[in-house]
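Every read-out reported here was derived from the displayed coordinates using simple, explicitly stated rules and does not represent laboratory data. A quick note: this is a predicted structure, and the numbers were derived from the prediction, not measured. No Cβ is skipped: glycine too gets one built from the backbone with ideal geometry, and neighbour counts run over all protein chains shown.
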Amino acid sequence: MSLQATVKRLTAPAFTARKGGEKLVCLTAYNAWMARLLDEHVDMLLIGDSMGMVQMGYQSTLPVMLEDVIVGGRAVVGASVKALVVVDMPFGSYQTSPQVAFEACARAMKETGCGAVKLEGGVEMAGTVAFLAQRGIPVMGHVGLTPQSVNVLGGYGARGRKDVERKKIMDDALAIAGAGAFALVIEAVEEPLARKITRAVAIPTIGIGGSPDCDGQILVAEDMLGLLGDGGPKPKFVKQYAHLAGEVSKAAAAYAKEVRGGAFPDRQAHCYPQIKKQAEKG
Ligand code: KIV
């Protein structure tokens, strides 16, 4: 019997039910090979709009298109069997109105087979979250540092540094949870605030620059794997569990040396011998 037939994929309600229990482990994945490698270890795979910066090298997540996350979402759903797959709704695809948001989210769900969507924002998005949740779309919220608002925030620094900002982020979290979101990402806020929000809401909080007391944790997989090299920004909340950029560079250097030196390809090991006439007949 295949794994697909025996493993039941985690659903959004089952994810919510883990509030206060075993920590929820989440990572991003934008393609099939990464999803296949990560699926057995995580509870959730997010096709994050971070793909714009990580995969496409954009300066922000803003240029990412709905079509980009749909292509990634379809690949990740197809290559995983266990994790809840969540599609991150790109900038401009959901902010205009609840109706516009429903159309974009329904398209993402129909075309990828994902189990939920994520969108950024607080009090101002609560009506949209309620509209979607009441119409069959599980929504994960995202408060604190919301990268799609980088041009309003003025950068990617931690949020919740002042009383007025702390209050706003708590109000945002309460509004999104109250609107029916099934979980909430808290990004780059002062640790005590993430802890307080986790206590204040009935849904799981997923930290990224949050708190060890959050109900779960998410990182961008390429950050966690050290795949991006020294070029990119290194937020405080990233921990590298491997240094794969160095391995990629070493492998490419060894390949280049062997090709230039004639050691690869090897005539016996990597080339197709001519088929003998008799064998052809036989
Ligand atoms: O786009 C993304 O990868 C995200 C996570 C960092 C939460 O939103």
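Kirkwood hydrodynamic radius, the stretch 46-105, all distinct C-alpha pairs: what's the number in Å? By the Kirkwood definition, the hydrodynamic radius is 12.1 Å.
Across the stretch 212-223, computed HN-Hα scalar couplings (Karplus, 6.51 cos²θ - 1.76 cosθ + 1.60, θ = phi - 60°) run x, 7, 4, 6, x, 9, 10, 9, 6, 4, 5, 5 Hz from first to last residue, x flagging Gly and Pro. Distances between placed amide hydrogens fall under 5 Å for residue 58 paired with 53, all partners being 5 or more residues away or on another chain. For the stretch 3-246, the equivalent ellipsoid derived from the alpha-carbon gyration tensor has semi-axes of 23, 21, 19 Å in decreasing order. Rg/Rh for the stretch 193-277 stands at 1.36; both radii use Cα atoms, and Rh follows the Kirkwood definition. In nm², what is the average projected area of the convex hull enclosing the Cα atoms of the stretch 194-237? With the hull built on Cα positions only, its mean projection is 3.3 nm². For the stretch 18-86, the residue among 85, 37, 21 whose Cα projects farthest onto the positive side of the dipole built from Cβ charges is 21. Restricting the stretch 206-274 to chymotrypsin sites (Phe, Trp or Tyr not before Pro) that sit in a DSSP loop and have at most 13 other Cβ atoms within 10 Å of their own Cβ leaves 241.
Charges were assigned to the Cβ only: +1 to each Lys and Arg, -1 to each Asp and Glu. The resulting dipole of the chain about its Cα centre is roughly 600 debye.
Annotation for residue 171 and residue 18: the two label points, set 7 Å from Cα along the Cα-Cβ direction, are 3.2 nm apart. For residue 234, a cut-off of 16 angstrom between C-alpha atoms picks up these aspartates and glutamates, skipping any fewer than 8 places away in its own chain: 187, 222, 223.
How much of the DSSP bridge set in the chain is antiparallel, in percent, rounded to the nearest 5? If we restrict to bridges inside the chain, about 5 percent are antiparallel.
Take every Cα-Cα pair in the stretch 101-151 and report what % of them are more than 17 Å apart. The calculated P(r) of the stretch 101-151 puts 35 percent of pairs beyond 17 Å. Rounded to the nearest whole angstrom, the semi-axes of the ellipsoid equivalent to the stretch 1-112, taken from the Cα gyration tensor as √(5λ), stand at 24, 17, 14, largest first. When the helices of the chain are scored as -39500 (n - 2.57) per DSSP H run of n ≥ 4 and the total is divided over every residue, the value at 222 nm lands at -11500 deg cm²/dmol. Bridging of residue 110 to aspartates and glutamates at a Cα separation below 19 Å is possible for 49, 67, 68, 88, once same-chain residues fewer than 8 apart are set aside. Based on C-alpha pairs under 8 angstrom that are at least 6 apart in sequence, the chain has a relative contact order of 15 percent. Available extension along the chain between residue 135 and residue 260 is 39.0 nm, counting 0.36 nm per residue and deducting the alpha carbon span.
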